[in-house]
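Engineer: Can you keep this structure in mind? I'll have questions shortly.
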Amino acid sequence: MQHAHTADAIRAAEKTLIDAASHPDELMLSAARGVADVARAMLGPGERRVLLLVGSGGNGGDALYAGAGLLTAGGIVVEALLLGRDGKVHQPALDAFVAAGGEVVDGWPSTSVDLVIDGILGLGGSGGLSEEVSEAIQPARNSTVLAVDVPSGIGADDGVTPERFLAADVTVTFGGLRYAHGLSPHCGEVVMVEAQTHTGRLSEELIRNAGQHRLVWIEPVPVRTPREWPANIVGLTPQPLPGLEPGADDDKYSGGVVGIAAGSDTYPGAAVLCTLGAVRATNSMVRYAGAQALEVVRAHPEVIATESIADAGRVQAWVYGPGAGTDSPDDLAGLLDTDLPVLIDADGLTLLAKHPELREKVRTRRPATVLSPHSGEFARLCEAMELDTEGLNKVEATCLLAGELQAGVLHKGRATVVAYPSGEKVGATIVDTGSSWAATPGSGDVLSGIIGALLAWVSGRYDNSDNSDESFRVEYLALPDAVALQAMAAWLSAQTPDGPAPTSASRIGEAVPRAYARLRGRS
């Protein structure tokens with residue numbers, strides 16, 4: 001259920017069911033029952049007033065039929081504000097709503113509203129709300145909002161935030177997820193219900209057609225406790241983190257030794273922060289190689305530090321780039337010639353953009369290679385490779401770069417997209433990080449250390465030599481876990497007894513063990 005689908009894929013699956021329906025609106029009525037169930041679950045004790053915001057399309061029909069269902073159950077007052085162009089709405093749904101006792105209002109009610117159901121725009125509603133509609137629904141921004149399918153104004157495929165939109169506290173969708181549910185924080189908590197006709201379920205139709213489309217997964221980071229929902233309402237759940245507790249026969253090497261090549265005289269902090277991320281994410285040895293060996297050991301005496309990669313000793317994975325400098329590509333070239341997984345970040349990405357021979361090494365090497373750019377670094381890499389990403393959403397753009405370099409790409413941001421080649425296709429995971437507390441200097445260095453530690457852990461436990469898929473590497477599976485771990489650590493590091501407050505990269509790194517325990521406890 002956590003696979004995401006494009007709007008075109010959703011429409012195609014819906015059309016199959018609608019064409020075989022036994023009566024008009026069979027699929028819409030099924031979806032509306034789910035909307036009504038979610039609405040009932042959201043209403044608190046004593047809350048009974050619901051306002052429908054109704055557009056001209058299918059989402060407006062869903063809202064009206066849901067309103068009729070709420071009225072039929074009794075005890076709830078439901079009003080509808082019609083916002084379709086020229087007053088146009090789905091007429092059969094409006095008739096059902098009025099027949100059930102619903103009232104159509106000309107403007108925002110004077111009495112308080114306990115819940116707003118947003119059915120203004122649907123899958124094709126990108127580009128934002130009109131100024132007139134936005135002004136008409138201004139009070140909704142101070143209300144609890146349940147969005148049908150996607151919040152009005154937010155693009156279903158790209159999650160782009162326009163000038164005028166309506167953010168949701170909860171978004172209910174049908175049969176499967178849309179890309180926006182991972183890409184846009186304005187969806188709030190996302191839940192799914194089934195939509196079906198007598199011939200089949202929408203979820204089954206989407207799965208049946210999945211082989212024709214890109215495989216995209218959405219993973220939430222549960223920084224806040226989700227609501228408790230009835231059994232027919234499915235919330236998004238995080239994937240379980242691996243068990244990193246050492247076994248009875250483990251030692252300081254067996255959990256995967258990571259090597260950190262980071263920092264310079266110009267950027268000594270990058271070495272300390274990157275190493276901190278690794279130390280807090282693993283029980284195993286962390287080795288450091290670089291100009292800041294003394295500072296790293298002062299900060300983290302458990303680290304084995306040398307001044308050169310050649311003297312570092314045996315590792316299971318390398319991290320290269322944070323603060324390392326861009327004068328020479330030789331160290332990165334040497335690491336790419338090894339048979340070890342390599343994470344490239346920060347200055348390493350700058351070197352990759354400047355030197356085509358490095359990109360060719362990435363493209364042709366067999367071990368796992370991972371790139372972790374922020375949006376600026378991502379754009380520079382694409383420009384250097386003459387990749388045209390204009391018009392592509394973040395998922396498609398990230399997959400394009402991953403396919404071209406035959407490498408894992410971790411495109412950072414509030415919504416982080418992890419893309420990984422697998423055979424002729426490139427799959428992706430959208431990680432909804434749950435907060436933006438990681439938007440602080442040095443947090444990317446901490447993330448690099450976490451990723452390196454998990455790459456080493458996976459590399460030390462799994463053998464890729466028998467993998468028949470020459471492009472997929474099992475280490476890629478660790479990337480969403482690393483993002484989730486850093487995101488949870490960032491959120492935890494911002495919590496104080498008096499409420500959330502600004503944090504820093506050092507505090508994020510120190511919170512990694514607690515984040516791991518929190519995520520394991522919710523698995």
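The values are calculated or read from the model by the stated rules, or taken from the named source; none is laboratory data. From a predicted model like this one, the values you see are computed outputs, not experimental measurements. Don't worry about glycine lacking a Cβ; one is built from the backbone with ideal geometry, like all the others, and counts go over all protein chains shown.
Conditions (1) at pLDDT below 95; (2) out of contact with any Phe, Trp or Tyr (no Cβ under 8 Å at 6 or more places or on another chain); (3) of a type in the set (D, E, K, R); (4) not assigned by TED's automatic domain parsing to the domain that holds Leu206, marked per residue:
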{"residue": "Ala20", "(1), (2), (3), (4)": "yes, yes, no, no"}
{"residue": "Leu27", "(1), (2), (3), (4)": "no, yes, no, no"}
{"residue": "Ala32", "(1), (2), (3), (4)": "no, no, no, no"}
{"residue": "Ala39", "(1), (2), (3), (4)": "no, yes, no, no"}
{"residue": "Gly44", "(1), (2), (3), (4)": "yes, yes, no, no"}
{"residue": "Val50", "(1), (2), (3), (4)": "no, yes, no, no"}
{"residue": "Asp62", "(1), (2), (3), (4)": "no, yes, yes, no"}
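Engineer: Take Ala262 and decide whether it is under 21 Å from Leu335 (Cα atoms) and either basic (Lys, Arg) or assigned by TED's automatic domain parsing to the domain that holds Gly323 (or both).
Structural biologist: Spelling it out, Ala262 is indeed under 21 Å from Leu335 (Cα atoms) and either basic (Lys, Arg) or assigned by TED's automatic domain parsing to the domain that holds Gly323 (or both).
Engineer: Can you tell me which residues in region 396-412 are of a type in the set (A, V, I, L, M) and part of a helix (DSSP H, G or I)?
Structural biologist: Within region 396-412, Ala397, Leu400, Leu401, Ala402, Leu405 meet the criteria.
Engineer: Would you point out which residue out of Leu294, Leu371, Leu332 is aliphatic (A, V, I, L, M), farther than 28 Å from Leu485 by Cβ and free of Cβ contacts under 8 Å to residues at least 40 places away in the same chain?
Structural biologist: Leu294
Engineer: Give the residues of region 371-384 that are of a type in the set (A, V, I, L, M, F, W, C), part of a helix (DSSP H, G or I), under 25 Å from Phe472 (Cβ atoms) and within 21 Å of the chain's Cα centre (by Cα), sorted by residue number.
Structural biologist: Phe378
Engineer: List every residue pair whose Cβ atoms lie under 6 Å apart, where the two residues are 6 or more positions apart in sequence or sit on different chains, the first residue falls within region 340-368 and is in a loop (DSSP other than H, G, I, E, B), and the second residue, located anywhere, is modelled with pLDDT of 95 or more and polar (S, T, N, Q).
Structural biologist: Here the result reads Asp345/Ser372; Asp345/Ser448, each pair linking region 340-368 to a residue that is modelled with pLDDT of 95 or more and polar (S, T, N, Q).
Engineer: Looking at (1) more than 36 Å from the chain's Cα centre (by Cα); (2) at pLDDT 95 or above, find the lone condition where Val113 falls short.
Structural biologist: Single failed check for Val113: (1).
Engineer: Given the conditions (1) outside any loop (DSSP other than H, G, I, E, B); (2) crowded, with 24+ Cβ neighbours inside 10 Å, report the number of the one that Pro139 does not fulfil.
Structural biologist: (2)
Engineer: Of the residues Ser22, Ser30, Ser56, which single one is under 21 Å from Leu70 (Cβ atoms) and polar (S, T, N, Q)?
Structural biologist: Ser30
Engineer: Sticking with this structure for a sec: Suppose the filter is among the small types (Gly, Ala, Ser), under 26 Å from Phe472 (Cβ atoms) and either at pLDDT 95 or above or surrounded by 24 or more Cβ atoms within 10 Å (Cβ to Cβ) (or both); does Ala368 pass it?
Structural biologist: Yes.
Engineer: Take the residues in region 43-59 that are within 30 Å of the chain's Cα centre (by Cα) and within 18 Å of Pro109 (Cβ to Cβ); name whichever of them is surrounded by the fewest Cβ atoms within 10 Å (Cβ to Cβ).
Structural biologist: The residue in question is Leu43.
Engineer: Can you tell me which residue among Leu71, Leu123, Leu82, Leu94 is surrounded by fewer than 24 Cβ atoms within 10 Å (Cβ to Cβ), of a type outside the set (Gly, Ala, Ser) and at pLDDT below 95?
Structural biologist: Answer to the check: Leu123.
Engineer: Return only the number of the condition from (1) closer than 22 Å to Ala278 by Cα; (2) part of a loop (DSSP other than H, G, I, E, B); (3) out of contact with any Asp or Glu (no Cβ under 8 Å at 6 or more places or on another chain) that Asp327 does not satisfy.
Structural biologist: (1)
Engineer: Then there's this: Among the listed residues Gly277, Gly243, identify the single one that is under 30 Å from Ile344 (Cβ atoms) and in the same structural domain as Leu335 (by TED's automatic domain parsing).
Structural biologist: That would be Gly277, the only listed residue that is under 30 Å from Ile344 (Cβ atoms) and in the same structural domain as Leu335 (by TED's automatic domain parsing).
Engineer: Go through region 413-424 and count every residue that is closer than 20 Å to Arg359 by Cα and either part of a strand (DSSP E or B) or assigned by TED's automatic domain parsing to the domain that holds Val190 (or both).
Structural biologist: Residues that pass the stated criteria total 5.
Engineer: Give the number of residues within region 1-47 that are part of a helix (DSSP H, G or I) and either within 18 Å of His181 (Cβ to Cβ) or aliphatic (A, V, I, L, M) (or both).
Structural biologist: Within region 1-47, residues that are part of a helix (DSSP H, G or I) and either within 18 Å of His181 (Cβ to Cβ) or aliphatic (A, V, I, L, M) (or both) number 22.
Engineer: Let me ask something additional. Which of the residues spanning region 97-128 are assigned to a loop (DSSP other than H, G, I, E, B) and either over 19 Å from Asp158 (Cα atoms) or of a type in the set (Lys, Arg) (or both)?
Structural biologist: Once the filter is applied, which keeps residues that are assigned to a loop (DSSP other than H, G, I, E, B) and either over 19 Å from Asp158 (Cα atoms) or of a type in the set (Lys, Arg) (or both), region 97-128 yields Ala100, Gly101, Gly102, Asp106, Gly107, Trp108, Pro109, Ser110, Thr111, Ser112, Val113, Asp114.
Engineer: Test Gly521 against the stated conditions and say whether it is surrounded by fewer than 22 Cβ atoms within 10 Å (Cβ to Cβ) and either among the hydrophobic types (A, V, I, L, M, F, W, C) or more than 27 Å from Ala368 (Cα to Cα) (or both).
Structural biologist: Criteria met by Gly521.
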